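What follows is one structure encoded as structure tokens, with my remarks underneath.
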Amino acid sequence: MTMPASPLPLSLGELIAAVQRRWLFGLVAGALAAAAILLLAFRSVPLYEANATLTINRERKPVEFQVDRDSGVVQDSLINTYRELLLARDVLEQTIPLAGLLSNPAYAGSSEPVEVLQARVSARTVRSTWVIEITLRDEDPKVAESALQVLLDVYLAKQARLSQSRGDQTLRFLTDQVKEANERLAGMRANEAAFRAKHGILSADPDRNVHTQRLEDLARRQVDLEQKLEAQRSLVTRLKVAAKETVPGRQQAVMMEIPEIGQSDLVMIVRAMILRFEGEESMLAEKYKDRHPRMVELRGHLTAKRQQLNEAVTSSADAIRARERDLVAQAATLADEIISAKSTLAAYRESLLELRTMEQDRATQEKISDQLAARLGEETITTRLEVPDLAVTMLPKVRSEPATARKGPFLVLALVFGSVVFVGTCVAVDLLDRRLTGPEAAARLTGLPVLGTIPLVRRLPALTDESTLTSGMLAEAVRHLRTALRLALGSRRECHIVAVCSSSPGEGKSTITTLLAASLAAAGSRVLVVDGDLRQPSLHELVATPGTPGFSELLGGAEDVAPVPTGLTNLDFLGAGTVPTNPTELLHSHCLPEWIAVCRSHYDFVIIDTPPIASAPDALLLGYYADSLLLVVRERITEADVLADALVRLRPLTDHLLGVVVNGDHLTRPGYQYEVSSTAERPTGVTGVTGVGAA
């Protein structure tokens, strides 16, 4: 189910339907409106109309100030301004005493004579021209003509006075503006130069300046220093590895494998002397014993040199560590310099941004100064060539016939206005009525397809009458509903459970349930109709079959409850049973799905009547177990707000909603003369459904 669409403008068909439904309201309102127009026409005093024509004076005026350069026509804003000035209040106030209008009772009897004149004078512009047409009405044709001439004279005199001072004032103003603009421009240029000097700005390029070059040099130095520091740290690491040796003499040997230690001048000299002493020792050992003075002396020298070698190695290692510390200190100092250089560069770039803003402001000011200077020159020339803005091209002239009190136009106006009020009233009353009207409204409000439209009948024939479902427009409408239901179900052959619901009571839901079940049975399907309204059951009256024991006993667990046959072939009935005190709780019984499963093996259709959605949640519970839900609405009974609330409650069962059935349709095809109503509207003699023939 799609959500209901937003309201669209009325179509022609909907407009005609609204007029057909509400014609009486529209007729009364239209007649009153037309009568008011005619009454106003016959009671009004005839007024004579004087006309004059003015045009915008273009003599030697710069055309670009008055017309659009592309279209070549007068700008609407310009000519409309002239029109408003012509009808200004001060002009009208001066016109009234000068034209002697206060002798007219219409003006003398009003607390605001100007408003009376405003109502009687009008001016309009002729599209795409320089022309203004002005009109003044009065009971006396001569007064109308003379008053209009006075009005034009007052306006032209006012414009002449304004023209005398306007040019000088404009020139003084522009001169002052040019002077101020030039002074402001000079100040901006001085500020810009002082700013450059203060911040040492020589280059406006944020990426190519002294600060960026210095930062690049520092970055290169940092890279070189980091490489040196990395190499020095590698040497210190090897010293740490050598320090971990515990074998005597091994620590010194490992340290001497480091080129910076083993290849130092002092270490190499001492090692050479040790090697020489060791060679002498080996030669003397062949001649002398260990305690020989020569051997003792040589070994003493050898021990001293080895001690000297150890000191030289230690000194070299200390030099390596000292070099590392020195490089770390240099790296920290260099990092601080880089941070300082970056800060300086950032400040320099901020200064460049501020300078750029100053340059843009200065360029804007230069443009303003140039424009003001050019405007001053143009205004100087224009002032010398000043002419009146408006010129009278046709003097006031009065018509011989009155402009008002002509009955023909009023008759046409009354007819047109009455027709508009007629249609508008019909539409307004129809829109204000919140009740559903027609299948189109049902489809729009619900967003569901309309499966069937049951006509409005004034008297429902007895369902025991065989002709009820075999002939007539009622039978045809029910057969259409049956066909639409089968088409909506498609090629499904298994048993289908259909729950019939409505938004509120009185919409004919129970009768639609009975008619649909009878029509399906008449077509050869095995049908079970169930009265699922455990609150106010009524199907037992329609099918003339006892309703107890029934659905409530079955839900309560009774095993001897079974559907009973009706007077119609293939149609069985299960009544509501005894009205329980807890119908909603009964519908939660496990017996409900078990019983539905049993029904699927015995019937082609199970049609369940449910309580109104607005009254109880029973319809939602039954709809949950049903395969499809049919929503019944009734024209001019179902309210849009109640229907919308019901659709909100049915949202959990959106996939089950099959369509909507419109009951009591007023705008049906010729021949729809019977009404399908709820049981409360059935004649008292109707007791059952029998003799419903096949379609």
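What the table below lists for this structure:
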read-out: Proximal aspartates and glutamates to Lys397, defined as alpha-carbon separation beneath 16 angstrom and excluding residues fewer than eight positions away on the same chain; value: Glu49, Glu133, Asp138, Glu139, Asp140, Glu145, Asp153
read-out: Phi-based couplings in Hz for region 222-237 (Karplus 6.51, -1.76, 1.60; Gly and Pro marked x); value: 5, 5, 4, 5, 5, 5, 5, 5, 5, 5, 5, 5, 5, 5, 4, 5
read-out: 5 Å binning of all Cα-Cα separations within region 608-664, expressed as whole percents from 0 upward; value: 4, 18, 32, 30, 13, 3, 0
read-out: Within the chain, helix-based [θ] at 222 nm, where runs of 4 or more DSSP H residues each add -39,500 (n - 2.57), nearest 500; value: -19000 deg cm²/dmol
read-out: Residues of the chain: accessible area per residue with a 1.4 Å probe, Å²; value: 54 Å²
read-out: Calculated from backbone phi, Karplus (6.51, -1.76, 1.60) coupling profile of region 541-553 in Hz, x at Gly/Pro; value: 6, 6, 9, 6, 9, x, x, 10, x, x, 4, 5, 5
read-out: Alpha-carbon Rg/Rh ratio, for region 239-288, with Rh computed the Kirkwood way; value: 1.13
read-out: Interchain or long-range residues, amide H under 5 Å from Arg634's placed H; value: Asn663
read-out: Amide proton proximity set for Leu390, modelled H, under 5 Å, gap of 5+; value: Asn57
read-out: Protection-proxy order for peptides 580-587, 643-650, each taking the mean of Cβ atoms within 10 Å per residue, highest first; value: 643-650, 580-587
read-out: Order of exposure, largest accessible area first, which applies to Thr246, Thr380, Thr446, Thr303 with probe 1.4 Å; value: Thr246, Thr303, Thr380, Thr446
read-out: For region 525-668, fraction of C-alpha pairs farther apart than 22 Å, in %; value: 41 percent
read-out: Which of Leu372, His602, Thr511, positive extreme of dipole for the chain (C-beta unit charges); value: Leu372
read-out: Interchain or long-range residues, amide H under 5 Å from Arg526's placed H; value: Asp604, Phe605
read-out: Area of Leu218 that stays accessible when all protein chains are in place (1.4 Å probe, Å², to 10); value: 10 Å²
read-out: Total formal charge among the other residues, if their Cβ is under 13 angstrom from that of Gln330, Lys/Arg +1 and Asp/Glu -1; value: -2
read-out: Gyration tensor verdict on region 204-281 (Cα atoms; rounded if a/c is under 1.5, prolate if a/b is larger than b/c, oblate otherwise); value: oblate
read-out: DSSP beta bridges in the chain [antiparallel fraction, %, rounded to 5]; value: 45 percent
read-out: Accessible surface, 1.4 Å probe, highest first, among residues His301, His590, His666; value: His590, His301, His666
read-out: Area of Lys305 that stays accessible when all protein chains are in place (1.4 Å probe, Å², to 10); value: 40 Å²
read-out: Quarter of the Cα convex hull surface for region 479-550, i.e. its orientation-mean projected area (nm²); value: 5.6 nm²
read-out: Within straight-line cross-link reach of Lys509, aspartates and glutamates at Cα separation under 16 Å, skipping those fewer than 8 residues along the same chain; value: Asp531, Asp533, Glu541, Asp609, Asp618, Glu635, Glu639, Asp665, Glu675, Glu681
read-out: Alpha-carbon Debye profile of region 469-590, log10 I(q)/I(0) at 0.18 Å⁻¹; value: -1.03
read-out: Cross-link pairs Lys240/Lys305; Lys244/Lys289; Lys158/Lys367; Lys228/Lys305; Lys244/Lys305 - those with Cα-Cα distance over 28 Å; value: Lys244/Lys289; Lys158/Lys367; Lys228/Lys305
read-out: Distant alpha-carbon pairs in region 306-367 (separation over 15 angstrom), percent; value: 72 percent
read-out: Anchor Lys342: lysines whose Cα lies under 20 Å away (excluding residues fewer than 8 positions away in-chain); value: Lys198
read-out: Vicinal HN-Hα couplings computed from phi for region 127-141 (Karplus, 6.51 cos²θ - 1.76 cosθ + 1.60; Hz; Gly/Pro x); value: 4, 6, 9, 9, 9, 10, 9, 10, 10, 9, 10, 7, 5, 9, x
read-out: Positive minus negative residues near Asp609 (Lys, Arg vs Asp, Glu; Cβ under 11 Å); value: -2
read-out: Portion, in percent, of the accessible area of the chain that falls on carbon or sulfur, probe 1.4 Å; value: 55 percent
read-out: Accessible surface of Leu568 - all protein chains present, 1.4 Å probe, nearest 10 Å²; value: 20 Å²
read-out: Extent along principal axes [Cα atoms of region 232-323; Å; largest to smallest]; value: 50, 27, 15
read-out: Compactness index (Cα Rg / 2.2 N^0.38 Å), the chain; value: 2.06
read-out: Region 88-193 - convex hull of alpha carbons, volume per residue in Å³; value: 167 Å³
read-out: Gain in span if fully extended, Asp645 to Ala193, counting 0.36 nm per residue against the direct Cα distance; value: 155.2 nm
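The values are calculated or read from the model by the stated rules, or taken from the named source; none is laboratory data. Remember, predicted model here, so these are calculated numbers, not experimental data. For neighbour counting, all protein chains shown are included, and Cβ atoms are generated from backbone atoms with ideal geometry for every residue, glycine included. For the accessible areas, the whole protein counts, side chains as well, though only heavy atoms, and no ligand, DNA or RNA atoms are used. Shrake-Rupley method; radii C 1.70, N 1.55, O 1.52, S 1.80 Å.
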